[in-house]
Amino acid sequence: MVTSDNRRTTVLNACPHDCPDTCSIITTVENGKAVEIRGNPDHPHTQGTLCGKVKDYLDRVYSPNRVLYPMRRVGPKGSAQFEHISWDSALDEIATRFQKIAEEYGPEAILPCSYLGHQGLLNGLTVGDAFFNKLGASISERTFCASGTSTAFLMTCGPTHGTDPDTFTHSQYIVLWGCNVLTTNVHLWPFIREARKNGAKLVVIDPVYSRTAKQADWHIPIRPGTDAALALGLMHIIIKENLIDTDYVEKYTVGYAELKERVSKYSPKLVSEITGIPVQDIVTLAREYATIQPSVIRLGVALEKQAGGGQGIRAICCLPALVGAWRYLGGGLLQISLWPFPIRWEVLHRPDFIKPGTRIINQWQVGQALNGELGLDPPIKAFFVYNCNPVTQAAEQDKIIAGLSRQDLFTVVSEHFMTDTADYADIVLPATTQLENWDLMFSWGHTYLTLNIPAIEPQGEAIPNTELFRRLAARMGFEDKCFKLSDEEIVLEVLDWTAPVLQGIDIDLLKRQGYAKLKINPIPHAEGNFPTSSGKCEFLSSMAIDSNFVLPAFRQGCEEYQPGSPVDPLPTYIPPSESPQTNPTKAARYPLSLLSAKPHHFLNSCFGNLSKHRKLQREPMLIIHPEDAAKRGIIEGELVRIYNDRGSFQVIAQVNDITQPGVVVAPLGYWCKLSLAGNTINAVTSTTFADLGHAATVGDSLVEVSLVR
Ligand SMILES: Nc1nc2c(c(=O)[nH]1)N[C@H]1C(S)=C(S)[C@@H](COP(=O)(O)OP(=O)(O)OC[C@H]3O[C@@H](n4cnc5c(=O)[nH]c(N)nc54)[C@H](O)[C@@H]3O)O[C@H]1N2
Ligand SMILES: Nc1nc2c(c(=O)[nH]1)N[C@H]1C(S)=C(S)[C@@H](COP(=O)(O)OP(=O)(O)OC[C@H]3O[C@@H](n4cnc5c(=O)[nH]c(N)nc54)[C@H](O)[C@@H]3O)O[C@H]1N2
Ligand code: SF4
Ligand SMILES: [Mo]
């Protein structure tokens, strides 16, 4: 559906943000200028609404602060003083510096850094991989998000879409487990609302009385990082009270006897002591969850950011099979719905270009890598950032800034805006927004493909990421065909169009309609059929692997990994690494657990610089319980400093009992240079890995808070 008259055209777009909803968008263009953006009412999942962040998207596209031309640094590093240069001189300088560094130190001295700032198959996660792999650069292991959750889910259920979110309307018992749907996954809410109209009960398990918890029938405040204990405790009760679906367990699961033995020690009393949840609530939750069917669990991403988050997710993923919830339409579990999209990742990231043994550097550890703490040989001499903003988003912020300040580091940043990271660049390159380029979007929150057609000409001299790497490849003399494909050719290459889930779907349909639903089974595991190696739900994991395992999708198809300590093949409880219960020495100095929350009006750090969004999100803040505030003489609205050995940041205190005593919460996404003391939450978080998938324990940090006088 693309219509036009002489003056007005409407074009079908897709929201490119790192959000599960991937909304289908209609953009109205008048005389070459986008004048309106709205949700596509025909899209069955996103149903014509856009979130508050993106309904003002044109403010982003036409912002006077957008980066529109290539620029070269003229002032000291970080001073944000730049001069406009031509694309030719920018590309020449990059190619020359890269060649010189490669000759002197070897190409591994060059480190790319990217994530899902753009989520499209063309311009997103893997754009640039072929280029950097051909160059022989160090590989950036991209585990900012969902790698721990996904590893755990795949170990248990295999790469399945799980419960189709469109079928949530049929659920009778919905558990949102560490997921703040009303902020982070808003288009799931109408399906939950419909289910509740049909009598469903909504349960939210969250340490915080979140926006979503406030709307629930039952909010269960849990101590952070103790979810595995709760899930094991629920299984203990379900087994003891014989509430299991014996037929389902016998036919479609592996390792029941071992699981039964494992959960036997997680009595309601012990679980209550660990989680802080009253015994009676644990028992009620187990009974209701097992007996009210169809029951469904929606997993968020926060859990993986705890020391034992991976095993916690493993334990939760066992629950639906134990009670037979997978038998029903609307029953089961939704992790991320990405898995059935027939994406030809190898076409995008070209693992065949990787020289065996090329070193892998995890993106959470970028601060340590840049400032020499990892003892890398060769050291990092060039850093190339696109689709991400490590200064605000990765942990150990002070180390990243120190690394980026190095005079001998050559940094290139491709961006829409002068972010905290871009300020430290030697060369800044202008990137298009999705209104200005092609893309094809998968979704990690629903099962529709969505096409993005350019609506307007690129602003200034901005180019899509695809074009950036075509130009760089040409400058470096790379001749392979993949560096010469046009965007429309890539659209045709990136999917296996013959896959059964794409039956009846082609590019013409996508151009007409903007979206197409994958042909998936709405009750995928009614009779087992789990895509694991046993074909069953694996309580006892056959993939039981070592703790350094990272899924190939997060490691650019490079399947080599260093053996580490083995992962328990049964779900288990690993306590938080930093909590008063498990680390009393540290807690004596830093007694409060710090959680980060996704900001309602920003998308990670995107929109954190736009005035409308900043006004709505309000000033950087910390939510602190009245008891903890009183102990420190803190009252609402005062400036406080949050600190530990890693660093500090300053925000305004919000004294509120939506959090528990001992737990403080700070929203993410504020920009350092727009914050009160030049730092944000990631100044105090840790890069230590959680138990699975090289997720970082950024949700597992002890801090102290004091008044700034
Ligand atoms: N508005 C908005 N939407 C977004 C984003 C955004 O920045 N802004 N970011 C997008 C991205 S990248 C992602 S990954 C998703 C994330 O989506 P979510 O997973 O929903 O987001 P979080 O805010 O990280 O965590 C959800 C809830 O988990 C709770 N929580 C924290 N620790 C624990 C714990 O130990 N146990 C339990 N049970 N709960 C815990 C938090 O209090 C929070 O309310 O959101 C996406 N959507
Ligand atoms: N403490 C703490 N830290 C966290 C988290 C947490 O919960 N707590 N959450 C983590 C999670 S879940 C995630 S997903 C990460 C997100 O971390 P990032 O991926 O770094 O997220 P953003 O801040 O959105 O940065 C994306 C950047 O890409 C730019 N961009 C957008 N489109 C394009 C494009 O087409 N081309 C180019 N070149 N650039 C573009 C945007 O302008 C933006 O500056 O943060 C992680 N960090
Ligand atoms: S950020 Fe998410 S909810 Fe908002 S428009 Fe984009 S996909 Fe939709
Ligand atoms: Mo994320």
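Brief remarks follow.
- Per residue, the solvent-accessible area of region 584-707 (1.4 Å probe, heavy atoms of protein chains only, all protein chains present) comes to 36 Å².
- Top positive-direction residue, dipole computed over the chain with Cβ charges, set Asn644, Met543, Leu329: Asn644
- Here, region 163-334 yields an orientationally averaged convex hull projection of 8.8 nm² when only Cα atoms define the hull.
- Rg to Rh quotient for region 584-707, alpha carbon positions, Kirkwood Rh: 0.96
- About its Cα centre, region 163-334 has a charge dipole of approximately 300 debye under the convention of +1 per Lys or Arg Cβ and -1 per Asp or Glu Cβ, with nothing else charged.
- With a Förster radius of 30 Å applied to the C-beta separation of Glu241 and Trp189, the computed FRET efficiency comes to 0.35.
- About its Cα centre, the dipole of the chain is roughly 1280 debye, where the only charges are +1 on Lys and Arg Cβ and -1 on Asp and Glu Cβ.
- Based on Cα contacts under 8 Å between residues 6+ apart, region 435-555 shows a relative contact order of 22 percent.
- Entry for region 643-709 at q = 0.16, 0.19 Å⁻¹: log10 I(q)/I(0) = -0.62, -0.85, Debye formula applied to identical alpha-carbon scatterers, no solvent contribution.
- Solvent exposure of region 377-509 amounts to 30 Å² per residue of accessible area, where only protein heavy atoms count and the probe is 1.4 Å.
- If you sort Tyr69, Tyr643 by accessible surface, 1.4 Å probe, largest first, the order is Tyr69, Tyr643.
- Shape call, region 425-504: gyration tensor on alpha carbons, a/c limit 1.5: oblate
- Simple spin-label estimate for Ala544 and Glu83 gives 6.4 nm between the two label positions (7 Å along the Cα-to-Cβ direction from each Cα).
- Tilt relative to the chain, helix 147-156 - C-alpha long axis, 0 to 90 degrees, to 10: 50 degrees
- Relative contact order of the chain, defined on C-alpha pairs under 8 angstrom at six or more residues apart (%): 20 percent
- Semi-axis lengths, largest first, of the ellipsoid equivalent to the chain are 38, 30, 26 Å, with √(5λ) applied to each eigenvalue of the Cα gyration tensor.
- Projecting the Cα atoms of Phe131, Gly309, Ser675 onto the charge dipole of the chain (Cβ charges, centred on the Cα centre) puts Ser675 farthest toward the positive pole.
- Estimated from the Cβ-Cβ distance and a Förster radius of 35 angstrom, the FRET efficiency linking Ile292 and Ala499 is about 0.45.
- Antiparallel DSSP beta bridges within the chain, percent to nearest 5: 50 percent
- The angle between the Cα long axis of helix 465-476 and the main principal axis of the chain comes to about 50°, on a 0 to 90 degree scale.
- Gained length - Thr688 relative to Glu258, 0.36 nm times residue gap less alpha-carbon distance: 151.8 nm
- Using alpha-carbon coordinates, inclination of helix 309-323 to the longest axis of the chain, degrees: 50 degrees
- Of all accessible heavy-atom area on the chain, the percent that carbon and sulfur account for (1.4 Å): 51 percent
- Counting only protein heavy atoms and a 1.4 Å probe, region 163-334 has 31 square angstrom of accessible area per residue.
The values are calculated or read from the model by the stated rules, or taken from the named source; none is laboratory data. Treat the numbers as computed from the prediction; the structure is a model and nothing was measured. Cβ atoms come from the backbone with ideal geometry, glycine included; neighbour counts cover every protein chain shown. These area figures cover heavy atoms from the full protein model, side chains too; ligands, DNA and RNA do not enter into them. Shrake-Rupley method; radii C 1.70, N 1.55, O 1.52, S 1.80 Å.
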